[in-house]
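One structure is given below, encoded as structure tokens.
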Amino acid sequence: MTDAARADDAARTFTVRDIAVLASHIKSARRVTIMTGAGVSAASGVATFRGPQGLWREFRPEDLATPDAFARDPQVVWEWYAWRREQIAACQPNAAHEVIANWAKGVRPQNDPSMGSDHLRRTFVITQNVDDLHVRAGTPGLIRLHGSIWEVSCLARCAAGARPWRDERVPLSPCPPLCPHCGGLARPAVVWFGESLDRATLDAAVQATACDVFLTIGTSSIVYPAAGLVHEARSRGAFTAEINVEATPASSTVDLAIHGAAEQILPLLNE
Ligand code: APR
């Protein structure tokens with residue numbers, strides 16, 4: 001079964017009441033925080049990592065997404081990233097990205113006369129995705145825990161090249177790209193297995209767990225520290241909910257687990 005077919009199948013398992021409960025919590029919230037994973041981009045055609053069609057079925061993370069792998073064979077690692085960049089460049093944000101962007105921009109649902117004009121809802125968005133589809137959908141203030149596939153940095157962290165810069169060339173040439181400052185190898189500015197997240201980015205994500213509603217959407221909830229944020233939010237008193245086509249380790253601990261596709265469920269929350 002394809003990811004899309006699984007999504008269609010699973011979408012039939014949520015109830016109207018689930019949607020109403022979540023919509024009501026969101027409507028009365030002053031701070032909503034959303035954390036997304038690869039499943040949010042699945043309907044756009046971006047491959048997820050796990051699951052039947054996932055990248056980690058075909059490739060081994062230890063060959064492609066670790067500092068050691070890059071040290072062993074930067075050419076192979078860069079070719080894999082160049083291939084993913086080509087795939088992602090051809091994808092467009094889907095309905096899930098659009099709804100999230102509208103919430104983050106402060107646009108309220110149209111048919112929402114019951115909310116007083118003094119009710120301001122702020123939405124914070126954290127993502128594990130490196131595809132930048134949230135950015136392309138217009139989400140402001142995005143917290144990108146794992147970096148961006150469209151940014152590169154100097155492997156040697158030379159003075160001018162340690163800070164990531166944007167490189168949106170498709171196809172990537174030369175591959176591997178070089179640091180324009182020192183001429184050494186450049187690397188994808190993403191967080192690989194075994195690397196620490198950027199401290200300020202993680203701090204911003206943890207701060208965002210102080211919210212009324214925390215939604216974890218389209219993530220397998222097994223990669224930490226991202227997977228811990230929903231628990232942090234719950235311990236701080238947030239109503240927590242998951243939207244995913246299948247059960248994850250988070251499903252049993254959130255207040256509400258909705259089994260459906262993000263691009264189908266999120267638009268329903270606006271109605
Ligand atoms: N709607 C909602 N959920 C979906 C959809 C969809 N349309 N399609 C797939 N999913 C779910 C899958 O059921 C799965 O639980 O999205 C999840 C995707 O999980 P992963 O592929 O593991 O992606 P993610 O959780 O983002 O991975 C975390 O792992 O390899 C690393 O760095 C990589 O950031 C990534 C991290």
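The values are calculated or read from the model by the stated rules, or taken from the named source; none is laboratory data. These figures come from a predicted structure and were not determined experimentally. Cβ atoms come from the backbone with ideal geometry, glycine included; neighbour counts cover every protein chain shown. We work out accessible area using only protein heavy atoms, side chains counted, and drop any ligands, DNA or RNA first. Shrake-Rupley method; radii C 1.70, N 1.55, O 1.52, S 1.80 Å.
Key figures
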{"item": "Hz values of 3J(HN,Hα) by residue in the range 143-152 - Karplus curve (6.51, -1.76, 1.60), Gly and Pro given as x", "result": "9, 9, 4, 10, x, 9, 6, 9, 10, 10"}
{"item": "Unpaired by the 4.7 Å Cβ criterion, cysteines found in the chain", "result": "Cys91, Cys175, Cys211"}
{"item": "For the chain, size of Cβ-based charge dipole, Lys and Arg +1, Asp and Glu -1, in debye", "result": "600 debye"}
{"item": "Crossing angle, helix 95-104 versus the chain [Cα axis fit, 0-90 degrees, rounded to tens]", "result": "80 degrees"}
{"item": "Rounded accessible area of Glu79 (nearest 10 Å², 1.4 Å probe)", "result": "100 Å²"}
{"item": "For the range 16-145, with +1 on Lys and Arg beta carbons and -1 on Asp and Glu, the positive-most of Leu120, Val40, Trp56 along the dipole", "result": "Leu120"}
{"item": "Alpha-carbon Rg/Rh ratio, for the chain, with Rh computed the Kirkwood way", "result": "0.98"}
{"item": "Estimated 222 nm signal from helices in the chain, with DSSP H stretches of n ≥ 4 weighted -39500 (n - 2.57), rounded to 500", "result": "-9500 deg cm²/dmol"}
{"item": "Residue-span extension gain [Asp73 to Ser251] - 0.36 nm each, minus C-alpha spacing", "result": "60.3 nm"}
{"item": "Percent antiparallel among DSSP beta bridges (both partners in the chain, rounded to 5)", "result": "25 percent"}
{"item": "Highest-MSF residue in the chain out of Arg121, Arg60, Arg236 [GNM, Cα springs under 10 Å]", "result": "Arg60"}
{"item": "Average accessible area per residue (Å²) across the chain - probe 1.4 Å, nucleic acids and ligands excluded", "result": "47 Å²"}
{"item": "Carbon and sulfur %, accessible surface of the chain computed with the full protein complex present, 1.4 Å", "result": "52 percent"}
